[in-house]
Every structure is written in C-alpha cells, then in structure tokens.
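Reviewing the structure listed below.
The values are calculated or read from the model by the stated rules, or taken from the named source; none is laboratory data. In this text, all values refer to a predicted model and were calculated from it rather than measured experimentally. With ideal geometry, Cβ positions are generated from the backbone for all residues, glycine too; neighbour counts draw on all protein chains shown.
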Amino acid sequence: MASIFDNTIDLPNPWIKERAANLIGFEAKFQRIYGNLKLLLDQEGLKAWSKKHHKLELPVIEQLTERYPLIILAGDAGTGKTVSAEAIADRMVRELNREGFFLKLSTRVRGEGLHGQMGNLVNDAFAELKKQAGKNRIAFLLIDEADAIATTRSTMQMHQEEKAAVNTLIQKIDEIRDLKGRAVIFMSTNRLHFIDEAIVRRAAVILEFERPNEQERKDLFEKSLLGIEFTKNELQELANLTSPEKNENLGHSFSDIRLKILPEAIANCFPDNPLTFETLCETIKQIKPSPQIK
Ligand SMILES: Nc1ncnc2c1ncn2[C@@H]1O[C@H](COP(=O)(O)OP(=O)(O)OP(=O)(O)O)[C@@H](O)[C@H]1O
Ligand SMILES: [Mg+2]
C-alpha cells in the first residue's frame, strides 16, 4: 500500500495563500471559522487575558476548551471544500503567527476493499497529528470525502470493521482536545446526512458550500479573465448562461467554470485567435453542469 497520506504540507505556504486570494467568497468563510476557533486555538492567550483582566482564571475558560476542534465542510461537488480547507488552515497560522502542518488523509483504501485497514488508517493519521503538533505549530488533519470513513453506524450494510473505524474516529476526535488547540480536524463531505450523528454533533462549525450565485459567477469570470475587458452586459450574459435557470435548475459549479468551461474555451481559440466573449458563450452552451450528488 502506498503512503496513507495523499500529501503533507508545511504552513504557511505561499502557493496556498495565492490560491486563497483567487477563491470567491473566501473571506466570509474564513472569518466564520476563525471567529469560532480562535479561542480554542489560543488557550494560553486566553488564560493570560483572564489573569490580566480578572486576576484569576475564570471557570468559563476551562469550559470553552471542552469544545472539539472539528470543522465539517459540507456541500456539492466542486464547490471548493478541499481547496478551502487548505486555505483556511494557511490563513489561520498566519493570523496566529504560528507554523502549521497540514495532513490530508486519503480515503482511497476503501475503494481497494480493505475494510480492515480503516481503523489503522485513522490511528496512523492521528498519531502523526499528535507528533506534529507543537507549542508554536498547529497540526491540521483533513479527512477528505469523509463519508467514505465516517458513515453513520446505523447503515445496515456496514461491515463490523467499518463500524469499529467510526468508533475509533470518534474516540480520536475526543482525545485531540488534550492537545489544547494544537490540532484541528477538517472533514469534507458531499453527503452530510451520511455522516455519523456523533461526529456531526461534535463539530464546532458546519460550513455549507454551495454552487456560485449570480454575483459569484460574474466575479469568477471577471477574476479569471482579468485583462479582457467585458462590458457589464457581457458579464451578465456569462452569469446567465451558467445559471440554474438556463440549465434545468442546476447551475454550473465553481469547478465546472474553472476546470471545464474556461480551459475548453481557451482550447477553442489557442493558438491562432484571442479568447472572445462569443467563444465563451458558445463553449458554455456545449457544457452541462456536473450533476448534483445526493
Ligand atoms: N470559491 C471558489 N472560487 C473560485 N474557484 C473555486 C472556488 N471553489 C472552488 N473553486 C474551483 O473549483 C475547483 C474544485 O474545488 P474543490 O476540489 O475544493 O471542490 P470540492 O468541494 O472539494 O469538490 P469534491 O466534493 O468533488 O471533492 C478548485 O480547484 C477551484 O479551481
Ligand atoms: Mg474535494
């Protein structure tokens, strides 16, 4: 078996920062998470604050740290869950003036039918997380496509080993609180309703991701094609052509626009012609939005 980790990244990372700058709507998502977690992540600072201003450690400080550093990123395919997890982690260490370690857990083992491996996978990931977490270093774990591993235990066809893996995962999430804000877990899922209730209940934040709205679609075309001067009407038309109304009630996702429409439109012009509004419109009409995951 290949390494259990798809990748590990040291934070802060300049490429992740740059990518975050190109994510539409990122700031609001970051602030929601940060506002929620900063108390958990800065427990020393919190104690110091309490002693300075109240001469003692207020009981509420201890209670605040009983929460779980777990964030669930839920939403349709191609709405930015995976890229946002990295971007949020990167921004968080920058805000807190710390270093970070980001570890992405592969859920591919399941496809290989190695049910018995799931528990080991979870154990190994959390062991690594503990190893990497330090006083000035936050360790992040992303369990990407977590429904492959954290499926509700009430599912009938679930193997015994898989149930055991979910139990292990819950236990590990509980234990991670002992690291006192030095570790954070992200889970991404297309199917929040498949995730085990005990895990959902522990989440400090459940962040919902959606396909881009009209303004976000305009922003996406404008930002990605900065330098091509579109008129207001042209941008509006690009947003209309990718809208739910024009596409059987399901609009194009962020990744449909970025990774399908734009590359194909450019391929239609390259190398002899410039990219034009007309080519973009023609290309959009040829491409269907990716289906919704239910
Ligand atoms: N907010 C956004 N602004 C701009 N581009 C975005 C945004 N969200 C996603 N994208 C684009 O869509 C691509 C897919 O994003 P990502 O892989 O994070 O989606 P996902 O929600 O994890 O999808 P899946 O559920 O299929 O794993 C990214 O590479 C990025 O180019
Ligand atoms: Mg993803």
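Scanning the range 71-96 for residues that are of a type in the set (A, V, I, L, M) and more than 10 Å from ligand 2 (Cβ to nearest atom) yields ILE71, ILE72, ALA74, ALA87, ILE88, ALA89, MET92, VAL93, LEU96.
Kindly indicate whether any position in the range 84-92 is within 14 Å of the chain's Cα centre (by Cα), over 21 Å from GLN132 (Cα atoms) and touching a residue at least 40 places away in the same chain (Cβ under 8 Å). Spell out how you get there, then give the answer.
The initial filter retains those residues of the range 84-92 that are within 14 Å of the chain's Cα centre (by Cα), namely 84-92.
Pick out the ones that are also over 21 Å from GLN132 (Cα atoms) and you get 84.
Those still in the list that are touching a residue at least 40 places away in the same chain (Cβ under 8 Å) too: 84.
Within the range 84-92 (the criterion being within 14 Å of the chain's Cα centre (by Cα), over 21 Å from GLN132 (Cα atoms) and touching a residue at least 40 places away in the same chain (Cβ under 8 Å)), the answer is yes, since at least one residue qualifies.
For GLU161, the criteria (1) at pLDDT below 85; (2) out of contact with any Gly (no Cβ under 9 Å at 6 or more places or on another chain); (3) away from ligand 2 (no atom under 16 Å from the Cβ) hold in every case but one, which is (2).
Condition check for GLU248 on (1) in a helix (DSSP H, G or I); (2) among the charged types (D, E, K, R); (3) on the phi > 0 side of the Ramachandran plot: one failure, at (1). Scanning the range 175-213 for residues that are more than 21 Å from the chain's Cα centre (by Cα) and in a helix (DSSP H, G or I), we see that the one that is nearest to LYS130 (Cα to Cα) is LEU179.
Here the condition is being out of contact with any helix residue (DSSP H, G or I) (no Cβ under 7 Å at 6 or more places or on another chain) and farther than 19 Å from GLU145 by Cβ; of ALA77, ALA20, ALA85, ALA48, it holds for ALA48 alone.
Taken over the range 217-241, residues that are surrounded by fewer than 16 Cβ atoms within 10 Å (Cβ to Cβ) and either of a type in the set (Ser, Thr, Tyr) or closer than 22 Å to GLY75 by Cα (or both) amount to 2. Just one of the listed residues (ILE195, ILE199) is of a type in the set (A, V, I, L, M, F, W, C), closer than 24 Å to LEU73 by Cα and within 16 Å of ligand 1 (Cβ to nearest atom), and it is ILE195. Taken together, ALA74, ALA20, ALA2, ALA85 contain a single residue that is at pLDDT 95 or above and not in a helix (DSSP H, G or I), which is ALA74. Cβ separations smaller than 7 Å between residues 6+ apart or across chains give the following pairs from the range 228-248 residues that are of a type in the set (Asp, Glu) to residues that are modelled with pLDDT of 95 or more: GLU234/PHE277; GLU237/CYS281.
Taking first residues from the range 6-24 that are more than 16 Å from ligand 2 (Cβ to nearest atom) and partners that are part of a strand (DSSP E or B), the Cβ contacts under 6 Å between residues at least 6 apart in sequence or on separate chains come to THR8/LEU103; LEU11/GLY100; LEU11/PHE102. Checking ALA183, ALA165 one by one, the residue that is buried (at least 21 other Cβ atoms within 10 Å of the Cβ) and within 20 Å of VAL93 (Cα to Cα) is ALA183 and no other. Tell me whether the range 258-268 contains one or more residues that are under 15 Å from GLY78 (Cα atoms), outside the structural domain of GLU18 (by TED's automatic domain parsing) and among the polar types (S, T, N, Q). So far as the range 258-268 goes, no, none of its residues is under 15 Å from GLY78 (Cα atoms), outside the structural domain of GLU18 (by TED's automatic domain parsing) and among the polar types (S, T, N, Q). All conditions but one from (1) crowded, with 16+ Cβ neighbours inside 10 Å; (2) outside the structural domain of SER84 (by TED's automatic domain parsing) apply to ASP196; the one that does not is (2).
Of the residues that make up the range 187-202, is at least one of a type in the set (A, V, I, L, M) and touching a Phe, Trp or Tyr at 6+ places or on another chain (Cβ under 8 Å)? Full working, then the answer.
Restricting attention to the range 187-202, the residues satisfying the condition of being of a type in the set (A, V, I, L, M) are 187, 192, 195, 198-200.
Of the ones still in play, those that are also touching a Phe, Trp or Tyr at 6+ places or on another chain (Cβ under 8 Å) are none.
No, there is no match, as no residue in the range 187-202 is of a type in the set (A, V, I, L, M) and touching a Phe, Trp or Tyr at 6+ places or on another chain (Cβ under 8 Å).
Here PHE102 meets each of (1) within 16 Å of ligand 2 (Cβ to nearest atom); (2) modelled with pLDDT under 90; (3) of a type outside the set (D, E, K, R) with one exception, condition (2).
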